[in-house]
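The values are calculated or read from the model by the stated rules, or taken from the named source; none is laboratory data. This structure is a prediction, so every number in the text was calculated from the model and none was measured. Counting neighbours? That spans all protein chains shown, and the Cβs are built from the backbone with ideal geometry, glycine included.
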Amino acid sequence: MEVVYKKPESLKEEITTYCPGCGHGIIHRLIAEVIDEFNIREKTIGIAPVGCAVLAYNFFNFDVTEAAHGRAPAVATAIKRLLPDRIVFTYQGDGDLAAIGTAEIIHAAARGENITVIFVNNAVYGMTKGQMAPTTLPGMKTTTTVQGRDTNYHGYPLKVCEILSQIDGTSYIERTSIDSIQGIIKTKSAIKKAFQYQIENKGFSLIEILSPCPVNWKMEPIGAMKWIKEVMSKYFVPGVYKDKGGK
Amino acid sequence: MDPTYRWQLDKEKMKKFLLTGCEAAAEAAIHAGCKFYAGYPITPQNRFPEYMSKRLPEEGGIFIQAESEISAINMVFGASVCGFRALTSSSSPGISLKQEGISYLAGCELPAVIINMNRGGPGLGDVTPSQSDYFQATRGGGHGDYRTIVYAPWTVQELYDLTYISFDIADKYRNPVLILADGILAQIMESVEFKKKKNKLPLKKWALTGCEGRQPNSIKSLFLTPGVLEKHNWKLYKKYKKIEEKEVRFEKYFCDDAENIVVSFGTCARISYESIKILREKGERFGLFRPVTLWPYPYKELEKIIEKAKRIFVIEMNLGQMLDDVKIANRKNLPIYFYGRPGGGVPTPEEIITFLTSHLQGGKRR
């Protein structure tokens, strides 16, 4: 019988520690599928963030290291420079990448490090139970913005793809969303392209993925997907922001 | 060879090389098999990244000028994760920024070497030599219950020698090693004899290199399951106890018949040594005890040295930090007299002689 669907080899048999309706599981699977398809599991080194995905080494069936909060791009820089034939990627959330680790991601991008960055944007600090993130939308309620994010008081969200695409060192920057089947398929092809670029030594790539956090958004899983489509993706518009290798 | 090198590498004819402390430590790292350096400019150790930017790529290593000290130490973390010998250097304010990373290195049991060319503090302080980072170096510095091995050289040759062995020690214990030097040692030029370049380095089965032919490896300091982190800390504790047993280093000079034991480390010990030599010529029975490892501290050895002594003198370029350790070793409860110069002050031998002789008949105890 032909097998049409199975657990990727790049994922371990492990009980998930993510909340119901969380997007991390989907994104983990997409990365694992891509790594399997390229047959690079045995030469991949992942760098986990501090945040919900801190336990990524429990789920990925390849070498994964911890990094201090926000520092994954610095850790990845050294690994990729020393082992240029390995495939090195960071997996980072919005607090990790766009707040405490802003310097590290900007400068890894500016150096044009040949790494892949998977940036999961769910607009809140998930692990710590829903405080305002650098990507919290204007007006959005969080545990530190109970009246909603007032831009006069709390400032504006950071649009990471828009910022990084301005940096000469970057090669491929795309924002996708996993709010629908089409979005998931699109996300997978973006992740695949980002790894492809690294394999071809094309330099720095980042995929920002709009991902649901129903528990901290205080929504039903389906409602959270709908909110991404109707609200979040209006502010963080999906699309290819930069593609040096494209036509 | 590039004219900016202050020395000519001619292995056939020369045995000794005239180098600054920064250059000597950089060469020591290269000779010890270090393949990665990340740093950030800060006086008084700017020569370090400058020198490494040329020398390390020549040796097939990677030099990166990082965007911050924080990034630099995390790059070193990454290099260590994948099994390479790695180094960063800085001076006091920069070392403060590296503390998070050093705590992670200790928690993840990753070897690395960190060199601090101590300058005056607190805050931005100044750029002159100091020993004010003793507490930071020996009491952890970052968060958590951990220890780093700390070496305190007093000459450029010893800075070279200790840097050279630091990589072995770091690998042996899977622990970060700190070298606490200062602005004088960073910039002074002295002749240095090189050691053999290491070609065979220890195999690191725990390193992340891609899981070909083995189960995946992971490096972490996070242990959420109840009791597991406590167990991890006990494991680290046992390692630290072993280091305390095996790795203590110290030197003693004129101590055999000394009534007065001067305890001093690094540059300050070197100045004290000059003072003691002069006092010896006058018949005063002074001796110098110099800890080479500041952690593990040579408590037992100091305790033994002071058995027959009458007084202890502690001299530091700070306001009395190693003094605490001397007090721990002073179970005989001898009087301890302290002289310190904070904020980048460097004592002269005459100053030290005045201090030492003023307390020979008693005086105020610290």
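A few notes on this one:
- Among the residues making up the range A:116-133, a single one is touching a Gly at 6+ places or on another chain (Cβ under 7 Å) and surrounded by fewer than 20 Cβ atoms within 10 Å (Cβ to Cβ): A:Met127.
- For the range A:81-122, filtering for residues that are out of contact with any Asp or Glu (no Cβ under 6 Å at 6 or more places or on another chain), within 23 Å of A:Ser189 (Cα to Cα) and either without any contact (Cβ under 8 Å) to a residue 24 or more places away in the chain or not aromatic (Phe, Trp, Tyr) (or both) leaves 20.
- Test for A:Gln182: is it farther than 22 Å from A:Ile87 by Cβ, free of Cβ contacts under 8 Å to residues at least 12 places away in the same chain and in a loop (DSSP other than H, G, I, E, B): no
- Residue within the range B:82-98 that is at the interface with another protein chain (Cβ under 10 Å from one of its Cβ atoms), assigned to a helix (DSSP H, G or I) and either at pLDDT 95 or above or more than 29 Å from A:Ile106 (Cβ to Cβ) (or both) present: no
- Just one of the listed residues (A:Glu220, A:Glu174) is closer than 18 Å to A:Ile31 by Cβ and touching a residue at least 12 places away in the same chain (Cβ under 8 Å), namely A:Glu174.
- Output for the range A:61-102, where each listed residue is within 7 Å of chain B (Cβ to nearest Cβ) and either farther than 23 Å from B:Leu222 by Cβ or part of a strand (DSSP E or B) (or both): A:Asp63, A:Val64, A:Thr65, A:Arg81, A:Leu82, A:Leu83, A:Arg86
- Residue match in the range A:24-39 (condition: outside any helix (DSSP H, G or I), modelled with pLDDT of 95 or more and touching a strand residue (DSSP E or B) at 6+ places or on another chain (Cβ under 8 Å)): no
- Meets criteria (of a type in the set (S, T, N, Q), closer than 23 Å to A:Lys43 by Cα and in contact with a Ser or Thr (Cβ under 6 Å, 6 or more places away or on another chain)) for A:Thr142: no
For (1) away from every other protein chain (no Cβ under 13 Å); (2) among the β-branched types (Val, Ile, Thr); (3) part of a strand (DSSP E or B), each residue gets a yes or a no:
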{"site": "B:Ala25", "(1), (2), (3)": "yes, no, no"}
{"site": "B:Ile30", "(1), (2), (3)": "yes, yes, no"}
{"site": "B:Cys34", "(1), (2), (3)": "no, no, no"}
{"site": "B:Met52", "(1), (2), (3)": "yes, no, no"}
{"site": "B:Ile64", "(1), (2), (3)": "no, yes, yes"}
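- Residue selection: B:Ile95 fails the criterion of being in the same structural domain as B:Tyr173 (by TED's automatic domain parsing) and surrounded by fewer than 24 Cβ atoms within 10 Å (Cβ to Cβ).
- Residue count for the range B:127-148 under the criterion of being of a type in the set (A, V, I, L, M) and in a helix (DSSP H, G or I): the result is 1.
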